[in-house]
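Read through the structure below, which is laid out as structure tokens, and then see the notes.
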Amino acid sequence: MLEIKKILVANRGEIALRIMRTAREMGIKTVAVYSEIDRTAPHTLYADEAYFIGASPSKESYLIGERIIEVAKKANADAIHPGYGFLSENAEFSEAVTNAGLIFIGPSGESIRTMGDKISAKQTVEKYDIPLVPGVARAVEDKTEAKQIAEQVGYPVLIKASAGGGGKGMRVVENSEEFDEQMNRAVSEAIQAFGNGAVFIEKFITKPKHIEIQVVADKHGNVVHLFERECSVQRRHQKVVEEAPSSCLTPEIREAMGQCAVQVAKSCNYHGAGTVEFIVDEKLNFYFLEMNTRLQVEHPVTELITGIDIVKEMIHIAEGKELSVKQEHLKIIGHAIEVRICAEDPDNNFLPDVGTLQTYRRPQGNGIRIDDGVEEGMTIPIFYDPMIGKLIAYGENRNEAIQKLTRAIDEFQISGIKTTLPFGKFVINHPAFKSGNFDTRFVSLYFKPDEEKKSTDSENEKIAAALSNYLLMSGSQKATTQSQVAVNSAWQKNRKRF
Ligand code: ADP
């Protein structure tokens, strides 16, 4: 059996650090690669060795597979972990790593290829009785045919790019009048984003929950699932708050989804860690969406409720070891919730907010995990994803996790850039979230930053009025005491807004 002694991490930021930490715990040496702007980035400094791979834009550094493989050889690394994003779901890269005599810590090129294309993924799993969203599992180019399919499926429908990802290339069509325009847009968006205009059509589930199952599979045919993650809180079809377990699943549905996910992994001879995404309707019918053939951003919530280090498991699988766990021994213990810390302005349509982290002080304490890749004083590079880290809380139950996460968000001191943390606090304390019954419309239904702002403005006006009242009346003992209470409590409340 192979033993990995040195891993090159072909990534940056929080995920590079997260992988290196586990490697270090396992006594494995780590190699970082870095772009121009990442010369002194935390992941570059953390690794045992670090190599420069090019200019800051990812196309000139983190996406150049050949160069990264060359570095791995030069550094005498045995394996490459791709993290998520960048080259993680690139079938050619997985194959090139293997062909270079190195171990790719992830699935084979063939599995990536099958699942990387939404249409081929649907066609593959269809044979195994996996429930699919009603629609067609093939590329449609002809507009007249596409419209006929849409009529058959029944509006509303969703036009999706076959090569899609990150919520791009998707268009909802409410009725036949809108169809042509939305079809044109979907195709041109798909060409622009993925260089591939193939689209397919499926029923648009109107109150959808996004629930996914984590799987791990070894090279000996053993596959287990590590239960679900509820990821319905999304903006622009991208996740912001994730939790495990989901509060709406029954043990029976959980088991059925888990079995389906295991079957999906088997259908493409999968090995490594992967995520099978499902869309769940109001009546808790679930349908296969896609499989992500990599470590997922939100994997920590699963680690916290199962006690399994997924990166460690990935490394063992890559070495050819059997899974360390059996399905019947796995249990959900407690509850975990994650908020992504993105350098974005929630009040401004979640647009990226670049700048320097003037203050960056992390919360601490029982049940808090922070996976991040930044330090105070650092300028957030504009070249990469705006997600700078993740704040995760673990509690004995959901309510305790919400309380811990709320406390941690209040303690987190960040200035210089806007982040999604205050938005995360809004989400987890919203009655719909607390009820556990919500869907992917959460943000559009409940998050109204303009109204929030108005109420903050009127709160500020109240503070100003109380203050002037206080100053005017400061001669009167009674008025002073009352106004002071008003001023103090209003300021106290506002202090938490950053
Ligand atoms: P991507 O690869 O771009 O992430 P997915 O197929 O995973 O695309 O879909 C992303 C999100 O879009 C889902 O989490 C869900 O919120 C929404 N979505 C996808 N398919 C449907 C559907 N048929 N009906 C309603 N919403 C959908």
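The values are calculated or read from the model by the stated rules, or taken from the named source; none is laboratory data. Everything numeric in this text was worked out from a predicted model, so none of it was measured. All Cβ positions, even for glycine, are placed from backbone atoms using ideal geometry, and neighbour counts span all protein chains on display. Remember, those area values only see protein heavy atoms, side chains included, never the ligands or the DNA or RNA. Shrake-Rupley method; radii C 1.70, N 1.55, O 1.52, S 1.80 Å.
Report yes if some residue within segment 182-189 is open to solvent by 20 Å² or more (accessible area, probe 1.4 Å) and near the ligand (Cβ under 10 Å from one of its atoms); otherwise report no. No, segment 182-189 has no match at all. If you check VAL276, VAL301, VAL280 for being closer than 24 Å to LYS209 by Cα, over 15 Å from the mean Cα position of the chain (by Cα) and buried (at least 22 other Cβ atoms within 10 Å of the Cβ), only one passes: VAL280.
Among the residues of segment 237-244, are any under 30 Å from THR144 (Cα atoms), within 16 Å of the chain's Cα centre (by Cα) and in a loop (DSSP other than H, G, I, E, B)? Scanning segment 237-244, I find at least one residue that is under 30 Å from THR144 (Cα atoms), within 16 Å of the chain's Cα centre (by Cα) and in a loop (DSSP other than H, G, I, E, B), so the answer is yes. Residues in segment 24-68 that are within 22 Å of the chain's Cα centre (by Cα) and either closer than 22 Å to ASN99 by Cα or among the small types (Gly, Ala, Ser) (or both): ALA41, SER58, TYR62, LEU63. Candidates VAL223, VAL173: the one that is surrounded by 15 or more Cβ atoms within 10 Å (Cβ to Cβ) and either outside the structural domain of ASN349 (by TED's automatic domain parsing) or over 25 Å from the mean Cα position of the chain (by Cα) (or both) is VAL173. Filtering GLY365, GLY320, GLY355, GLY307 for residues that are touching a strand residue (DSSP E or B) at 6+ places or on another chain (Cβ under 8 Å) and surrounded by fewer than 22 Cβ atoms within 10 Å (Cβ to Cβ) leaves a single hit, GLY355.
Per the listing ALA401, ALA393, the residue uniquely in the same structural domain as ILE305 (by TED's automatic domain parsing), part of a helix (DSSP H, G or I) and open to solvent by less than 10 Å² (accessible area, probe 1.4 Å) is ALA401. Scanning segment 116-159 for residues that are touching a strand residue (DSSP E or B) at 6+ places or on another chain (Cβ under 8 Å), under 23 Å from ARG294 (Cβ atoms) and either within 11 Å of the ligand (Cβ to nearest atom) or aromatic (Phe, Trp, Tyr) (or both) yields LYS118, ALA121, LYS122, LEU132, VAL133. Criterion applied to TYR384, TYR360 was being within 19 Å of the chain's Cα centre (by Cα), farther than 19 Å from ARG229 by Cα and among the aromatic types (Phe, Trp, Tyr), and the one residue passing it is TYR384.
Of the residues making up segment 107-124, those that are open to solvent by less than 10 Å² (accessible area, probe 1.4 Å) and in contact (Cβ under 8 Å) with a residue 24 or more places away in the chain are PRO107, SER111, ILE112, MET115, ALA121, LYS122. If I filter segment 253-272 for residues that are within 28 Å of LEU2 (Cα to Cα) and within 11 Å of the ligand (Cβ to nearest atom), do I get at least one hit? No - not one qualifying residue is present in segment 253-272. Scanning segment 192-210 for residues that are buried (at least 16 other Cβ atoms within 10 Å of the Cβ) and not in a loop (DSSP other than H, G, I, E, B) yields PHE194, VAL199, PHE200, ILE201, GLU202, LYS203, LYS209, HIS210. Just one of (1) in contact (Cβ under 8 Å) with a residue 24 or more places away in the chain; (2) within 14 Å of the ligand (Cβ to nearest atom); (3) closer than 21 Å to GLU151 by Cα; (4) out of contact with any strand residue (DSSP E or B) (no Cβ under 8 Å at 6 or more places or on another chain) fails for GLU202. It is (4). Evaluating VAL33 against the criteria (1) assigned to a helix (DSSP H, G or I); (2) open to solvent by less than 10 Å² (accessible area, probe 1.4 Å) leaves one unmet condition, (1). If the condition is being open to solvent by less than 10 Å² (accessible area, probe 1.4 Å) and either in contact with a helix residue (DSSP H, G or I) (Cβ under 7 Å, 6 or more places away or on another chain) or assigned by TED's automatic domain parsing to the domain that holds HIS299 (or both), then segment 2-16 contributes ILE4, ILE7, LEU8, VAL9, ALA10, ALA16.
For segment 297-323, a tally of residues being among the acidic types (Asp, Glu) and in a helix (DSSP H, G or I) returns 2. Of everything in segment 226-249 that is among the basic types (Lys, Arg) and more than 10 Å from the ligand (Cβ to nearest atom), the residue that is most open to solvent (accessible area, probe 1.4 Å) is ARG235. Figure legend. Inter-residue proximity from segment 239-256: first residues in contact (Cβ under 8 Å) with a residue 24 or more places away in the chain, second residues small (Gly, Ala, Ser) and open to solvent by 20 Å² or more (accessible area, probe 1.4 Å), beta-carbon distance below 9 Å, spacing 6+ or different chains. Indicated pairs: SER247/SER435. Cβ-Cβ contacts under 8 Å between residues 6 or more apart (or on different chains), taken from a first residue in segment 423-445 that is at negative phi to a second residue that is outside any helix (DSSP H, G or I) and small (Gly, Ala, Ser), are listed as ASN437/SER247; PHE438/SER232; ASP439/SER232; THR440/SER232; PHE442/SER232.
Kindly indicate whether GLN214 is within 16 Å of the ligand (Cβ to nearest atom) and over 19 Å from ILE130 (Cα atoms). The answer is no for GLN214.
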